[in-house]
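Beneath this line is the structure, given in structure tokens, with notes to follow.
Bear in mind these aren't lab numbers, they're just calculated from the coordinates by the rules spelled out. Bear in mind the structure is a predicted one, so any value in this text is a computation, not a measurement. No Cβ is skipped: glycine too gets one built from the backbone with ideal geometry, and neighbour counts run over all protein chains shown.
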């Protein structure tokens, strides 16, 4: 049987290593999701990246929740929770409304090009 207390303790014990992997993984995979969506790649290519990115974001949120469970309330926990929630939201948006994300991305690129 899965012992959640032991799993949470393991998460807190190896916090530096977990965050050293999850922070860049969340950022890179979410940027890859945005890029593939803005480039108009088919859903069959975007969804595996969204799945990996969403898994990393969910693990980040669960990891931070183990710190909240024992009463650790610091700036770092809120920053990491915000990062995980934002990445999860962006990835879900890429699946739910890819056309609007593509339109926003392309208009942003056009705006940047015109200002240069």
Estimated FRET transfer efficiency when R0 is 22 angstrom, pair residue 5-residue 78 (beta carbons, to 0.05): 0.40
Extension gain, residue 14 back to residue 104 (0.36 nm per residue minus Cα-Cα distance, nm): 28.5 nm
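Just the number, please: Stokes-Einstein D of region 19-115 in µm²/s, Kirkwood Rh from C-alpha pairs, 37 °C, 0.692 mPa s.
Answer, rounded: 231 µm²/s.
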Crossing angle, helix 43-69 versus the chain [Cα axis fit, 0-90 degrees, rounded to tens]: 30
222 nm mean residue ellipticity, helices alone, for the chain (DSSP H n ≥ 4; -39,500 (n - 2.57); rounded to 500): -30000 deg cm²/dmol
C-alpha long axis of helix 75-96 to longest principal axis of the chain, angle in °: 40
Label-zone membership for region 79-116, site residue 43, 7 angstrom Cα→C-beta point, backbone N under 17 Å: 91-103
With Cα atoms, 0 to 90° folded angle of helix 15-38 axis to the chain main axis: 20
